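**Student:** Below are the structure tokens for one structure; questions will follow.
The values are calculated or read from the model by the stated rules, or taken from the named source; none is laboratory data. Quick caveat, the model's predicted, so the values are computed rather than measured. Here the Cβ positions follow ideal geometry from the backbone for every residue, glycine too, while neighbour counts run over all protein chains shown. Quick note on the areas: whole protein, heavy atoms, side chains included, nothing else; ligands and nucleic acids left out. Shrake-Rupley method; radii C 1.70, N 1.55, O 1.52, S 1.80 Å.
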Amino acid sequence: MSFASHPDDAIRLADVRKQFGDTAALAGVSLKAKPGSFVVLLGPSGCGKSTLLRVLAGLEQATSGTIELSGRDVSRLPPAQRGISMVFQSYALFPHLSVAENIVFGLKARGVPAADRAARLKDAAALVGLGHLLERRPSQLSGGQQQRVALARAIVAQAPICLMDEPLSNLDAKLRNEMRREIRALQQRLKLTMVYVTHDQAEAMSMADQVVLMRDGHVEQDASPAELYARPATRFAATFIGTPPMSLVRLTAGEGGAVLEGAPGHVLAPAQAAGQWLGVRPEEIVLSDAEGLPAGIAGAEFLGGETVLSCVIGTGTQVLQVRVPGLCALPVGTPVRLRLPQTLHLFDDATGRRIEDFPSNLASPFSSKDNATCR
Amino acid sequence: MARAAGIGGSFGRERTTLHAWLMLAPAMILLVAFTHYPALATIWHSFFSTPKGARPARFIGAENYAVLADDPVFWLVLKNNLIYALGTVPLSIGIALAMALWVNGRIRGKAAMRMAYFVPTVLPMIAVANLWLFFYTPDYGLIDRMTRLLFGWGPTNWIGSQETALGAMMMVAIWKEAGFFMIFYLAALQAIPPVLHEAAAVEGASRFYTFRRVTLPLLGPTTLFIAVNAVINGFRLVDHIIVMTHGGPDNATALLLTYIYDVGFRYWDTALASALTVVLLLILCLLAAAQFLLMGRRTHYR
Ligand SMILES: Nc1ncnc2c1ncn2[C@@H]1O[C@H](COP(=O)(O)OP(=O)(O)O)[C@@H](O)[C@H]1O
Ligand SMILES: [Mg+2]
């Protein structure tokens with residue numbers, strides 16, 4: 001992604017910083033998003049996602065940097081003039097107002113005529129399936145229904161950009177999956193540019209067109225879900241994405257190239273990769289009887305459709321996780337062999353950055369494309 | 001078996017009932033002895049004459065009330081008290097709300113400000129009265145110095161002249177009460193999640209609109225509580241008047257309660273004082289009922 005100016009960008013942030021006393025909540029964030037795209041701000045708790053969203057909304061003033069929304073510099077504008085709507089984590093419904101009054105609160109405040117208001121209320125309520133609850137108070141609604149009121153209040157504004165801060169975190173797992181699909185469908189139908197905050201990588205991967213992975217106030221990687229999965233830019237990105245995430249092991253120098261401690265015979269990378277980190281996705285490793293990296297089972301976690309095995313490499317201490325379909329109740333200590341995939345990821349020890357273009361077609365331990373099952 | 005259980009059950013229930021009465025007894029006895037009985041006795045006495053020497057009290061029907069209706073001082077006192085209530089109630093509530101909004105905002109030295117506003121509440125009313133006696137001192141009191149500095153006015157006898165005395169008493173009451181009510185408003189304001197104001201800001205509501213449509217309705221229950229208390233205080237809070245003016249000059253600051261005190265304990269006409277007390281009780285009951293009916297229905301309880 002280049003940062004060349006593009007007049008059609010819905011969102012463009014340039015070196016946005018936010019300081020709270022001594023804490024740099026945002027340490028220079030730059031990003032841009034196309035109109036109608038679903039952007040997810042992803043990262044662990046405390047990395048600055050909410051701060052970034054609030055700076056975008058104008059609820060916090062950035063310490064420095066510029067914010068352009070729909071081609072306008074809004075850095076100094078109050079929230080109401082930024083052309084955004086927002087769904088808060090706690091929904092922020094007005095407890096003394098009915099559902100209908102909550103939804104049209106902003107239209108009334110902006111002086112939209114009553115007839116227009118009624119029509120837009122009807123549309124928005126129908127879109128989120130609230131038509132029959134308009135007279136209730138928020139306290140008389142379930143969590144999922146309150147969430148829908150917050151959604152309706154956001155879409156009735158017809159702002160081109162919609163911001164959401166962990167909107168699903170208060171719902172149970174089943175409802176969460178349902179709402180994920182609904183929000184995504186709504187966003188596409190209304191062609192909204194969405195900025196959606198979550199700490200749940202599965203949510204991010206399933207909803208986003210563009211994932212902005214954050215860490216300690218900066219952008220770690222800004223890419224499509226597919227790119228983020230296939231080519232994590234840093235060790236942090238590698239260990240944040242996937243269930244379970246990518247396993248990282250340290251390469252050491254061995255005969256004929258870089259090897260893993262405890263398995264000297266199996267060269268995994270060229271000699272210059274010694275000292276760096278090797279990343280392997282658990283779902284791409286195959287258990288095998290004869291050939292491959294020698295390992296021993298250190299634990300097995302049955303997840304229903306699959307089992308995640310923790311395997312200690314050779315005589316060493318490093319662990320690779322392996323995801324195999326179905327139930328695979330291998331007892332601890334069982335010797336196995338692991339066939340690694342063609343695509344390995346290599347990360348620099350000092351910087352943590354991905355090392356591009358290293359020849360990974362070295363001989364033995366790589367799996368061919370045969371089927372992978374538990375023995 | 002079944003019968004035994006039944007008997008045991010009813011015996012158990014009786015014991016529980018007995019326990020309940022025993023537990024209630026101390027509070028009940030105190031309430032009856034010091035609240036319910038005196039209230040009823042007062043109403044009872046108001047229909048009798050005042051016993052004097054060898055002459056015992058006798059039933060005279062509504063004669064005490066008739067005397068009141070013919071008493072010009074009673075009507076003056078009633079008028080004074082209405083002015084006093086109409087002035088102190090809205091002003092103390094309004095000032096309390098304004099101070100709470102101000103202190104709740106992002107200002108420097110918030111804690112010190114809150115303390116400063118709360119001090120009048122901590123002071124006993126007698127101390128407050130003495131403080132204000134100094135403020136109102138003609139010529140070198142605080143008020144006169146300020147009016148001289150600001151407007152070049154001469155000395156004014158604030159609590160000694162008919163025109164200003166009642167206003168001066170109202171000032172003291174407002175000063176005393178506003179800080180107390182502010183604490184309630186402050187607590188209520190802090191219970192409103194800030195995210196509601198953020199949501200309103202995103203929705204394009206101005207600060208005034210947000211105040212009118214979000215903050216004020218959410219303060220509803222607090223306002224009702226404060227209003228009921230303020231109205232009651234509008235008839236009850238007279239300590240400073242007793243200390244500062246004794247109801248004078250020429251009854252200009254006499255209120256229902258000070259008049260009851262005078263009639264009952266200076267002229268020893270206890271029957272008339274009882275009738276006056278019944279009038280005061282009636283007024284308070286009517287006002288409280290009206291407030292709950294008018295405001296209660298429109299108040300949102302969380
Ligand atoms: N109002 C604030 N005052 C001081 N520090 C804050 C404030 N808001 C956030 N922070 C700090 O900024 C960092 C990022 O917070 P936040 O954006 O809420 O993280 P996230 O939403 O990713 O969990 C945290 O270290 C947090 O403690
Ligand atoms: Mg957050």
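**Student:** Choose one answer from A:30, A:142, A:50: the residue with the largest mean-square fluctuation in a GNM of chain A with alpha-carbon springs under 10 Å.
**Tutor:** Fluctuation is largest for A:142.
**Student:** So, one more: Could you give the C-alpha radius of gyration of the stretch B:1-134 expressed as a fraction of 2.2 N^0.38 Å, taking N as the number of residues it contains? List each step's numbers first, then the result.
**Tutor:** Numbers: Rg = 27.5 Å, N = 134, 2.2 N^0.38 = 14.1 Å.
It is 1.94.
**Student:** Would you mind calculating the relative contact order of chain A from Cα pairs under 8 angstrom and at least 6 residues apart, reporting the percent as a whole number?
**Tutor:** Taking the mean separation of contacting Cα pairs over the length of chain A, I get 14 percent.
**Student:** Starting from the amide H of residue A:330, placed 1.01 Å from N in the peptide plane, find each other amide H under 5 Å away whose residue is 5 or more places distant or on another chain.
**Tutor:** Here nothing satisfies the definition.
**Student:** Rank B:235, B:197, B:273 by how far each Cα sits towards the positive end of the charge dipole of the stretch B:187-275 (+1 on Lys, Arg Cβ; -1 on Asp, Glu Cβ) and give me just the farthest.
**Tutor:** B:197
**Student:** Among A:318-331, A:145-158, how do they line up by average Cβ neighbours within 10 Å per residue, starting with the highest?
**Tutor:** A:145-158, A:318-331
**Student:** Rank by packing, highest mean first: peptides B:278-284, B:249-255, with packing defined as the count of other Cβ atoms within 10 Å averaged across residues.
**Tutor:** Result, highest mean first: B:249-255, B:278-284.
**Student:** Over all directions, how big on average is the projection of the convex hull of the alpha-carbon atoms in chain A, in square nanometres?
**Tutor:** The number I arrive at for chain A is 21.9 nm².
**Student:** Between residue A:30 and residues 5 or more places away or on another chain, which pairs have amide H atoms under 5 Å apart, with H built 1.01 Å from N, and which residues are they?
**Tutor:** Counting only residues 5 or more places away or on other chains, the set is A:15, A:16, A:219.
**Student:** With springs only between Cα atoms under 10 Å apart, run a GNM on chain B and tell me which of B:91, B:31, B:286 wobbles the most.
**Tutor:** Fluctuation is largest for B:31.
**Student:** Which whole number gives the average count of other chain Cβ atoms within 10 Å of the Cβ atoms across peptide B:117-125?
**Tutor:** Mean shielding by partner chains, rounded to a whole number: 0.
**Student:** Name the aspartates and glutamates eligible as straight-distance cross-link partners of residue B:110: C-alpha to C-alpha under 12 Å, and not fewer than 8 places from it in the same chain.
**Tutor:** Residue B:110 reaches no qualifying aspartates and glutamates.
**Student:** Report the Rg/Rh value for the stretch A:1-131, based on alpha-carbon coordinates and the Kirkwood definition of Rh.
**Tutor:** A ratio of 1.02.
**Student:** Looking at the calculated P(r) for the stretch B:165-227, what percent of the C-alpha pair distances fall above 21 Å?
**Tutor:** When all Cα pairs of the stretch B:165-227 are counted, 39 percent exceed 21 Å.
**Student:** Over all residues in A:95-102, what is the mean tally of Cβ atoms on other chains that come within 10 Å of each residue's Cβ?
**Tutor:** Mean shielding count: 3.
**Student:** Also: Return the Rg/Rh ratio of the stretch A:11-232 with Cα-based radii and a Kirkwood Rh.
**Tutor:** Ratio of gyration radius to Kirkwood radius for the stretch A:11-232: 0.97.
**Student:** With every protein chain kept in place and ligands, DNA and RNA left out, what is the accessible area per residue of the protein assembly as shown? Probe 1.4 Å, answer in Å².
**Tutor:** Solvent-accessible surface per residue comes out at 50 Å².
**Student:** Charges at C-beta only: +1 for Lys and Arg, -1 for Asp and Glu. How large is the resulting dipole of the protein assembly as shown about its Cα centre, in Debye rounded to 20?
**Tutor:** The calculation lands at about 1360 debye.
**Student:** Using only the Cα atoms of the protein assembly as shown, construct the convex hull and provide its projected area averaged over every direction, in square nanometres to one decimal.
**Tutor:** Computing the convex hull of the Cα atoms and averaging its projections yields 52.1 nm².
**Student:** Place the peptides B:37-43, A:308-314 in order of packing, highest mean first, counting for every residue the other Cβ atoms within 10 Å and averaging per peptide.
**Tutor:** Those peptides, ordered most packed to least, come out A:308-314, B:37-43.
**Student:** Under 18 Å Cα to Cα from residue A:191, which lysines show up? Leave out anything in the same chain fewer than 8 places away.
**Tutor:** A:32, A:34
**Student:** Using the Cα centre as the reference, give the magnitude of the dipole from point charges on the C-beta atoms of the stretch A:11-232 (Lys, Arg: +1; Asp, Glu: -1; all else neutral), rounded to the nearest 20 debye.
**Tutor:** The dipole magnitude comes to about 640 debye.
**Student:** Hey, any idea what % of the stretch B:70-125's accessible area is carbon plus sulfur with a 1.4 Å probe?
**Tutor:** Carbon and sulfur atoms account for 74 percent of the accessible area of the stretch B:70-125.
**Student:** Also, quick follow-up: Per residue, how big is the convex hull of the stretch B:71-298 when only Cα atoms are used? Give it in Å³.
**Tutor:** Cα-based convex hull of the stretch B:71-298, divided per residue, equals 148 Å³.
**Student:** Modelled label-to-label distance, residue B:33 and residue A:252, 7 Å Cα→beta-carbon offset: nm?
**Tutor:** If labels sit at residue B:33 and residue A:252, their model points lie 8.9 nm apart.
**Student:** Quick one: grab Rg to one decimal and Dmax as a whole number for the stretch A:237-374, Cα atoms only, in Å.
**Tutor:** Using the Cα atoms of the stretch A:237-374, the pair Rg, Dmax is 14.1, 41 Å.
**Student:** Using only protein heavy atoms and a 1.4 Å probe, how much accessible area in total is buried between B and A, to the nearest 100 Å²?
**Tutor:** Chains B and A together bury roughly 1800 Å² of accessible area.
**Student:** Please get the size of the charge dipole for the stretch B:97-189, origin at its Cα centre, with Cβ charges of +1 on Lys and Arg and -1 on Asp and Glu, quoted in debye to the nearest 20.
**Tutor:** So the dipole magnitude of the stretch B:97-189 works out to roughly 520 debye.
**Student:** So, one more: Which shape class, rounded, prolate or oblate, goes with the stretch A:158-295 when its Cα gyration tensor gives a ≥ b ≥ c as root eigenvalues, a/c under 1.5 marks rounded, and past that a/b bigger than b/c marks prolate?
**Tutor:** Numbers: a/c = 3.40, a/b = 2.37, b/c = 1.43.
Taking the square roots of the gyration eigenvalues as a ≥ b ≥ c, the stretch A:158-295 is prolate.
**Student:** Counting only other chains, and only Cβ atoms inside 10 Å, what mean value do you get across the residues of B:210-216?
**Tutor:** Taking the mean over all residues of the peptide, I get 2.
**Student:** Based on the inverse mean of 1/r over its pairs of different Cα atoms, what is the Kirkwood hydrodynamic radius of the stretch B:167-302, in Å?
**Tutor:** 17.7 Å
**Student:** I've got another one for you. For chain A, what does the helix formula give at 222 nm: sum of -39500 (n - 2.57) over DSSP H segments with n ≥ 4, over the residue count, nearest 500 deg cm²/dmol?
**Tutor:** Helix contribution divided over all residues of chain A: -6500 deg cm²/dmol.
**Student:** Related question: Given only helices, namely DSSP H runs of n ≥ 4 each adding -39500 (n - 2.57), what is the per-residue ellipticity at 222 nm of chain B, to the nearest 500 deg cm²/dmol?
**Tutor:** So the calculated ellipticity at 222 nm is -23500 deg cm²/dmol.
**Student:** For residue A:122, list the aspartates and glutamates whose Cα falls under 16 Å from its own Cα; do not include residues on the same chain fewer than 8 positions away.
**Tutor:** Straight-distance partners of residue A:122: A:101, A:135.
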